[in-house]
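Colleague: For reference, the structure I am asking about is given below.
Any read-out appearing in this document is the output of simple, stated calculations on the displayed coordinates, not a laboratory observation. Quantities reported herein were computed from a predicted structural model and do not represent experimental measurements. Positions of Cβ are backbone-derived with ideal geometry, glycine not excepted, and every protein chain shown enters the neighbour counts.
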Amino acid sequence: MNIVFMGTPSYAVPSLAYLHVTYGVKLVVTQPDKKIGRKGEIEHSPVKKYALEHNIPVFQPIKMRQDYQTILDVKPDLIITAAYGQMIPNVILDSAISLNLHGSLLPKYRGGAPVQYAIKNGDTVTGVTLMYMAQKMDAGDMIAKKETEIFPEDTTETLMNKLSMLAKELLEEELDSVIKGTNNRIKQDESLVSFAYNIKPEEETLDFNMNSDSIINHLRSLLPQPAGSIFINNVRIKVYEMKKSDIIVTGKPGEIISDRKELIVCTADGAVSITKIQPENKKIMATTDFLNGQKILKKGDIFNQ
């Protein structure tokens, strides 16, 4: 078979590796390289790194809708997508059996950030759905699903790692039946659809008007990057770790009630202790190290006002 694989993050790599070892992959399609850091060094996606290491041709269109002939030239029999990051035009979807490994239990959380939404919303179970691709976002017929538990300590990174292995297992279990045409084909229940659109920068700000569990879930959904953001006097502080505090408080949401050995902040139903931060223009550090001698935060200040 002529297989084209489309994906970008590390979530996609186990599935790509399985396909390449088992069937051979003719072409990898991934997002354009990024420039990172002050020096503007080029960073390849995890999928591109795997492809280069295994001598698989790589195609990186800036806009797939306008640049796709390279894919058609392969004459694909099978296209498999796993968190690629662009809408794929019908001319590509219609050229082969086109499948997607989506990181949620569809029809819940269609869109580009299903893992983040599952953690933020406090879900305890999620999974991967193997599905046929359709022009409407994540709306194609389902083939099979696999579930996994979301633990209280899971972040987007750790949960994505678990889902990456589930995606590979789904391919191992189901792809042969898809190729033979003997697989299930299950319509999605449109009445159960929900969406998980890509996270916007303004959605990175932690809201202390929420209860403590919800704030911690929100932070977990943003880790390891971009992390949570809080503001004091228009200065951004990034948050990388927090926990519930058992201190009984009487204060306004967002109010700092301790700026000594701990940074404790009021929430809607109690307080949280912020334990790892990145002050503006500084490195990530333990909050206890930052509080020694700093003049930015003081007891009684209120975040995000």
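Colleague: Report the residues of segment 219-257 in range of a label on Glu43: point 7 Å along Cα→C-beta, backbone N strictly under 13 Å from it.
Modeller: Answer for segment 219-257: 224-227.
Colleague: Over the chain, what is the percentage of antiparallel beta bridges among all DSSP beta bridges, to the nearest 5?
Modeller: If we restrict to bridges inside the chain, about 70 percent are antiparallel.
Colleague: Take the chain, connect every pair of alpha-carbon atoms lying under 10 Å apart with a spring to form a Gaussian network, then pick out the residue of Gly251, Gly293, Gly103 with the largest mean-square fluctuation.
Modeller: Gly293
Colleague: If you don't mind, there's one more thing I want to ask. Between Glu241 and residues 5 or more places away or on another chain, which pairs have amide H atoms under 5 Å apart, with H built 1.01 Å from N, and which residues are they?
Modeller: Amide H to amide H, under 5 Å and 5 or more residues apart or across chains, Glu241 pairs with Thr275, Lys276.
Colleague: At 222 nm, what value in deg cm²/dmol follows for the chain if DSSP H runs of at least 4 each add -39500 (n - 2.57) and the sum is divided by all its residues, to the nearest 500?
Modeller: Dividing the helical sum by the residues of the chain leaves -7000 deg cm²/dmol.
Colleague: Now a separate question. Tell me, what is the percent relative contact order of the chain, built from C-alpha pairs under 8 Å that lie six or more residues apart?
Modeller: Rounded, it is 13 percent for the chain.
Colleague: Do any trypsin sites (Lys or Arg not before Pro) in segment 173-245 lie in a DSSP loop with no more than 16 other beta carbon atoms within 10 Å, and if so, which?
Modeller: Arg185, Lys187
Colleague: Report the Stokes-Einstein translational diffusion coefficient (µm² s⁻¹, integer) for segment 1-103, Rh taken as the Kirkwood radius over Cα pairs, at 10 °C with viscosity 1.306 mPa s.
Modeller: For these conditions, the coefficient is 116 µm²/s.
Colleague: Binned at 5 Å from 0, what are the whole-percent values of the Cα-Cα distance distribution for segment 210-269, short to long?
Modeller: Result returned by the calculation: 4, 17, 26, 29, 19, 5, 0.
Colleague: Something else now. Can you bin every Cα-Cα distance in the chain into 20 Å intervals starting at zero and give me the percent of pairs per bin, rounded to whole numbers?
Modeller: 31, 48, 20, 1
Colleague: Also: What does the net charge come to around Ile3 if you take all other residues with beta carbon closer than 9 Å to its beta carbon, with K and R at +1 and D and E at -1?
Modeller: Around Ile3, the surrounding residues sum to 0.
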